[in-house]
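The values are calculated or read from the model by the stated rules, or taken from the named source; none is laboratory data. Predicted model, so just to flag it, every value in this text is computed and none were measured. Note: ideal-geometry Cβ built from the backbone for every residue, glycine included; neighbour counts use all protein chains shown. Ligands, DNA and RNA are stripped out before the accessible areas are found, and what is left, the full protein with its side chains, is counted by its heavy atoms. Shrake-Rupley method; radii C 1.70, N 1.55, O 1.52, S 1.80 Å.
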Amino acid sequence: RGGLTPEDLSTYRTAARASYGINHFIGFTRRIDCVVPWEQLYVDMVMDKAHGHTQHQVFAGTESGHVEEKTVKLEGAFDHARKCNRQAMVLLGDPGSGKTTQLQQMLLRVLDERQGPLSLGLPQGTVPVFVSLREFQITEPVLELDALVRRALVATLGGVDEDLAGRLLESPHVLYLLDGLDEIPTAADRKRVARAIMKAQQGRMARHFMLVSSRYAGYVNDKDVQLDNGFLELRLRPLDDAQMERLVHNWHRAVEATEARDHGREESVVVADEKARKLLEQLREPRFKGEDRLVEVARTPLLLTALCLIGRERGELPKNRGALYEECAEILLEEWRRAEKKLEVSLDARVARRVLQPVAHWLHYEEERKFASVHELRTPVSQGLHAAEHIEVEADAFVRSFTSEIGLFAPRGRDLYGFIHLGFQEYLAALHVREQWVQAPTLLDILVDRFGEGWWREVIRLTLEGAEPDLIEMFMRRMAKHHHFVEWSRTKLMTLCLRASNDAWTRPLVDLIRKREPVWQRLPRLWGVGGTDLGARQLAMLQLLSQHVPEAVDGLEDALRGHPVEGVRQWWRTWVQAKGVRQTRTNPISGVELVWIPGGRFVMGSAPDDESAFEEEKPQHEVELEAFWLAKTPVTNAQYGEYLKAKRYAKKPLHWGDQGFDQSQQPVSGISWNDANDYCEWAGLSLPTEAQWEYACR
């Protein structure tokens, strides 16, 4: 056909940029028509090398014979493949991780006159083609990949006809960017397309380059779509700090540019960056760090842009984690509605969410279950549709309508569906409990019985956060009667639940502290047979109340003074003693103000369910301490200065004289343990032990 001409490439470049060069922000369906070129928003992500079956394979041409388990950036992916004697790769990622973005960026980058194929390590003259596999029109009994791609190019790119598509694919080097292998609608077609891809890569297209994307779960859980060892596997990693910051700044600058244009004013990068800075400050809060579920939300590109939108509209992110999930879910459901108008399922976002609540609880009931088949989902979906008074909608149609990458509920494998992030499954399961517990009290029994299981941790927390007082009171009454209550009262989850809920949880504890155990229940334990120890649970309740609602303890004098359990009476005597002792005193030498800490027993160390704790903080164990005095604040520069005047030989702190650290009431900094110990000896004090410090904090 004579090959491609400059005019052909110009036509194709224009068509590709028109289709893939502009990004419509998620969540702006009804708010603002914000569009921005991909190169202004794009964040280059890092991919794990040698994920999956390629980890254990030997490749000719590599220095060691094995693939290194490191990471690779977009521009280095094909160089990495070449070292492994391969020209084809599979890009895996979770929903919303940016797979489609990466492939489209490759397309635009190769077509760009300034960057071109060499920027990705590809031969000069390489022609890129991007195709969404779920848009394939599959009619013929024998599939040929080049025929499918040619037809898809004509159908999706305006200005590209059959002849031009043919010339593009007959170029000496073609980069095939095939998006969404697991999203092809039927299992039979997914299998046929996967085989056509492998056949092409081994045959006529062997000289070309290929990158196929798929959701991770949809790929590893469906052997029929897994490509052979001719394809290296890469997996997109979550955003790191730098990538997250860049995406947030780019997002705010793009929105600012659009608003400035729409309102006829000059664009202000300063304003955009200030809004981005405020959001990033919130994303550095403890709830977005460590093992918290919200960390994954902030590190997923799709969900991070949803957080950007929420922060922009509210001025800040909600402190309540349930409210954060609610607003993210609404954005994703509205986006599903926008993208799926062609389907015969008409539900607004709030109704769709109500339908998904029993689905989420049903999924979560079985540990580690995150997705299920359409057949399995029929019953919970039908229940949700009935509860939402939309019984005219078929369950199968509802499930299959969530086929978009940007939907809340998405395909996760061969005929498998699930939530795009476990946090949404947990949030909607919690909503189901909150809405249905009166009609189905066993829902609370499920939460109580599973309080010690990590799988239910977030569901319990989200259920109690902001719940109605009656639910909280009923939950705590059942908790306080449970034989594991003493153990659970010491966990981090118990503290989080009490902080997240209102004061309704105190009534059940106070009522049970006043309760007296009948003699016939105490006798078996006295005889060494066992039985439920009400006294131990009451002591655990008192410790919780003293930490969170100390005023509630003061009203229990009549119940505690003559309590039948010696341990409870002893705790009460210590409590009264502490309230009667002079609360503070001042050290005459140093001027340090000291606070009286009454003696007692406590459980030292981190809870078994505290995933962020260090190993040396475990296991928990009981420690008994005598009463002691502890400084009310850290030693200040002014107080340490008196020590330096008295002890001429003492060396000055490292930051002494530094204007950022030397204000009189700031804590002294830049001293060693020996310096601190010498200071305490001079003042007639001592450094607190680890147990004293932890006990005082508790």
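Could you identify the single residue in Lys652, Lys618, Lys632 that is under 30 Å from Glu453 (Cβ atoms) and either of a type outside the set (Ser, Thr, Tyr) or open to solvent by less than 30 Å² (accessible area, probe 1.4 Å) (or both)? Reasoning before the result, please.
Values: Lys652 fails: under 30 Å from Glu453 (Cβ atoms); Lys632 fails: under 30 Å from Glu453 (Cβ atoms).
Answer to the check: Lys618.
May I ask you to verify whether Ala276 is among the aliphatic types (A, V, I, L, M), open to solvent by less than 30 Å² (accessible area, probe 1.4 Å), touching a helix residue (DSSP H, G or I) at 6+ places or on another chain (Cβ under 6 Å) and within 30 Å of Gly180 (Cβ to Cβ)?
Numbers: among the aliphatic types (A, V, I, L, M): yes; open to solvent by less than 30 Å² (accessible area, probe 1.4 Å): yes; touching a helix residue (DSSP H, G or I) at 6+ places or on another chain (Cβ under 6 Å): yes; within 30 Å of Gly180 (Cβ to Cβ): no.
In short, no.
Which condition does Phe602 not pass, out of (1) farther than 30 Å from Phe451 by Cα; (2) of a type outside the set (Val, Ile, Thr); (3) within 45 Å of the chain's Cα centre (by Cα), if it passes all the others?
Phe602 satisfies all of (1) farther than 30 Å from Phe451 by Cα; (2) of a type outside the set (Val, Ile, Thr); (3) within 45 Å of the chain's Cα centre (by Cα) except (1).
Between residues in segment 352-377 that are open to solvent by 20 Å² or more (accessible area, probe 1.4 Å) and residues that are acidic (Asp, Glu), which pairs lie under 7 Å by C-beta distance while being six or more apart or on different chains?
Once the first residue is open to solvent by 20 Å² or more (accessible area, probe 1.4 Å) and sits in segment 352-377, its partners that are acidic (Asp, Glu) give Ser373/Asp415.
So which residues in segment 239-269 are in contact with a helix residue (DSSP H, G or I) (Cβ under 9 Å, 6 or more places away or on another chain), surrounded by fewer than 18 Cβ atoms within 10 Å (Cβ to Cβ) and part of a loop (DSSP other than H, G, I, E, B)?
Result: Arg265, Glu266, Glu267, Ser268.
Where in segment 328-404 are there helices (runs of 4 or more DSSP H), lying fully within it, with 1 or more residues that are touching a Ser or Thr at 6+ places or on another chain (Cβ under 8 Å) and either farther than 25 Å from Trp456 by Cα or at pLDDT below 85 (or both)?
Details: elements: 349-365, 374-387, 395-401.
Qualifying helices (runs of 4 or more DSSP H): 395-401.
Looking at Arg514, Arg477, which one is charged (D, E, K, R), farther than 19 Å from Val568 by Cβ and at pLDDT 85 or above?
Details: Arg514 fails: farther than 19 Å from Val568 by Cβ.
The conditions single out Arg477.
If you take the residues of segment 475-489 that are open to solvent by 10 Å² or more (accessible area, probe 1.4 Å) and closer than 19 Å to Ala552 by Cα, which of them is nearest to the chain's Cα centre (by Cα)? First the steps, then the outcome.
Restricting attention to segment 475-489, the residues satisfying the condition of being open to solvent by 10 Å² or more (accessible area, probe 1.4 Å) are 477-478, 481-484, 486-489.
Next, only the ones that are closer than 19 Å to Ala552 by Cα stay: 477, 489.
Values: Arg477: 31, Ser489: 26 Å.
For segment 475-489, the residue satisfying everything is Ser489.
Going by the structure shown, is Arg299 under 29 Å from Trp455 (Cβ atoms) and surrounded by 15 or more Cβ atoms within 10 Å (Cβ to Cβ)?
Details: under 29 Å from Trp455 (Cβ atoms): yes; surrounded by 15 or more Cβ atoms within 10 Å (Cβ to Cβ): yes.
In short, yes.
Determine which member of the set Leu625, Leu687 is out of contact with any strand residue (DSSP E or B) (no Cβ under 8 Å at 6 or more places or on another chain) and surrounded by 11 or more Cβ atoms within 10 Å (Cβ to Cβ). It would help to see each step written out before you state the result.
Numbers: Leu625 fails: out of contact with any strand residue (DSSP E or B) (no Cβ under 8 Å at 6 or more places or on another chain).
Of the residues listed, the single one that is out of contact with any strand residue (DSSP E or B) (no Cβ under 8 Å at 6 or more places or on another chain) and surrounded by 11 or more Cβ atoms within 10 Å (Cβ to Cβ) is Leu687.
Would you check if there is a residue in segment 200-212 being more than 22 Å from Cys84 (Cα to Cα), in contact with a helix residue (DSSP H, G or I) (Cβ under 9 Å, 6 or more places away or on another chain) and open to solvent by 10 Å² or more (accessible area, probe 1.4 Å)? Give the steps one after another, and end with the answer.
As a first pass, look at segment 200-212 and keep what is more than 22 Å from Cys84 (Cα to Cα): none.
Scanning segment 200-212 turns up no residue that is more than 22 Å from Cys84 (Cα to Cα), in contact with a helix residue (DSSP H, G or I) (Cβ under 9 Å, 6 or more places away or on another chain) and open to solvent by 10 Å² or more (accessible area, probe 1.4 Å).
Only residues that are in contact (Cβ under 8 Å) with a residue 40 or more places away in the chain and among the polar types (S, T, N, Q): list them for segment 246-293, please. Walk me through how you get there before you give the answer.
Looking only at segment 246-293, we keep the residues that are in contact (Cβ under 8 Å) with a residue 40 or more places away in the chain, and these are 246-248, 250-255, 257-259, 262, 290-291, 293.
Selection gives Asn250, Thr258.
Take the residues in segment 140-163 that are of a type in the set (Gly, Ala, Ser) and either over 18 Å from Met198 (Cβ atoms) or touching a helix residue (DSSP H, G or I) at 6+ places or on another chain (Cβ under 8 Å) (or both); name whichever of them is surrounded by the most Cβ atoms within 10 Å (Cβ to Cβ). Outline the logic, then answer.
We begin by selecting, within segment 140-163, every residue of a type in the set (Gly, Ala, Ser); these are 147, 152, 155, 158-159.
Remaining after also requiring either over 18 Å from Met198 (Cβ atoms) or touching a helix residue (DSSP H, G or I) at 6+ places or on another chain (Cβ under 8 Å) (or both): 152, 155, 158-159.
Numbers: Ala152: 20, Ala155: 13, Gly158: 9, Gly159: 12.
Among residues in segment 140-163 that are of a type in the set (Gly, Ala, Ser) and either over 18 Å from Met198 (Cβ atoms) or touching a helix residue (DSSP H, G or I) at 6+ places or on another chain (Cβ under 8 Å) (or both), the one surrounded by the most Cβ atoms within 10 Å (Cβ to Cβ) is Ala152.
Among the numbered criteria (1) within 22 Å of the chain's Cα centre (by Cα); (2) touching a residue at least 12 places away in the same chain (Cβ under 8 Å); (3) over 19 Å from Leu332 (Cα atoms), which one does Glu296 miss?
Of everything listed in (1) within 22 Å of the chain's Cα centre (by Cα); (2) touching a residue at least 12 places away in the same chain (Cβ under 8 Å); (3) over 19 Å from Leu332 (Cα atoms), Glu296 misses just condition (3).
Being farther than 23 Å from Gly21 by Cβ and either β-branched (Val, Ile, Thr) or not in a loop (DSSP other than H, G, I, E, B) (or both) is the filter here, so list the residues in segment 78-114 that pass it. Even if it seems obvious, please write down each step before you answer.
From segment 78-114, those farther than 23 Å from Gly21 by Cβ are 79-90, 92, 94-95; that's our starting set.
If the condition is that a residue be farther than 23 Å from Gly21 by Cβ and either β-branched (Val, Ile, Thr) or not in a loop (DSSP other than H, G, I, E, B) (or both), then Asp79, His80, Ala81, Arg82, Lys83, Ala88, Met89, Val90, Leu92 are the ones that fit.
Identify all residues within segment 181-217 that are at pLDDT 90 or above and assigned to a loop (DSSP other than H, G, I, E, B); write none if there are none.
Once the filter is applied, which keeps residues that are at pLDDT 90 or above and assigned to a loop (DSSP other than H, G, I, E, B), segment 181-217 yields only His208.
Is it true that some residue in segment 628-649 is modelled with pLDDT under 85 and among the hydrophobic types (A, V, I, L, M, F, W, C)?
no
Answer yes if at least one residue in segment 157-164 is assigned to a loop (DSSP other than H, G, I, E, B) and either in contact with a Phe, Trp or Tyr (Cβ under 7 Å, 6 or more places away or on another chain) or within 15 Å of Met89 (Cα to Cα) (or both), and no otherwise. Show your work before the answer.
Let us first name the residues in segment 157-164 that are assigned to a loop (DSSP other than H, G, I, E, B), namely 157-161.
Subset that is either in contact with a Phe, Trp or Tyr (Cβ under 7 Å, 6 or more places away or on another chain) or within 15 Å of Met89 (Cα to Cα) (or both): 160.
Looking for residues that are assigned to a loop (DSSP other than H, G, I, E, B) and either in contact with a Phe, Trp or Tyr (Cβ under 7 Å, 6 or more places away or on another chain) or within 15 Å of Met89 (Cα to Cα) (or both), one finds at least one in segment 157-164, hence yes.
Report yes if Leu169 is open to solvent by less than 10 Å² (accessible area, probe 1.4 Å) and among the hydrophobic types (A, V, I, L, M, F, W, C), otherwise no.
Values: open to solvent by less than 10 Å² (accessible area, probe 1.4 Å): no; among the hydrophobic types (A, V, I, L, M, F, W, C): yes.
Answer is no for this residue.
Go through the residues of segment 57-74 one by one and say whether even a single one is buried (at least 21 other Cβ atoms within 10 Å of the Cβ), at pLDDT below 80, over 26 Å from Ala18 (Cβ atoms) and out of contact with any Asp or Glu (no Cβ under 6 Å at 6 or more places or on another chain).
Yes, segment 57-74 contains at least one residue that is buried (at least 21 other Cβ atoms within 10 Å of the Cβ), at pLDDT below 80, over 26 Å from Ala18 (Cβ atoms) and out of contact with any Asp or Glu (no Cβ under 6 Å at 6 or more places or on another chain).
When the residues of segment 302-327 are filtered to those that are surrounded by fewer than 21 Cβ atoms within 10 Å (Cβ to Cβ) and not in a helix (DSSP H, G or I), which remaining residue is farthest from the chain's Cα centre (by Cα)?
That would be Gly315.
Taking Pro128 and the conditions (1) open to solvent by less than 50 Å² (accessible area, probe 1.4 Å); (2) closer than 27 Å to Ala81 by Cα; (3) outside any helix (DSSP H, G or I); (4) out of contact with any strand residue (DSSP E or B) (no Cβ under 7 Å at 6 or more places or on another chain), which numbered condition does it fall short on, given that it satisfies the others?
Exception for Pro128: condition (4).
Would you be able to tell me the number of residues in segment 283-294 that are part of a helix (DSSP H, G or I) and surrounded by fewer than 16 Cβ atoms within 10 Å (Cβ to Cβ)?
Of all residues in segment 283-294, those part of a helix (DSSP H, G or I) come to 283, 286-288, 294.
Now restrict to residues that are surrounded by fewer than 16 Cβ atoms within 10 Å (Cβ to Cβ): 286.
Going through segment 283-294 one residue at a time, the tally reaches 1.
Does any residue in segment 653-665 that is on the phi > 0 side of the Ramachandran plot come within less than 8 Å, Cβ to Cβ, of a residue that is surrounded by 10 or more Cβ atoms within 10 Å (Cβ to Cβ) six or more places away or on a different chain, and which pairs are these?
Final answer for the pair search is none.
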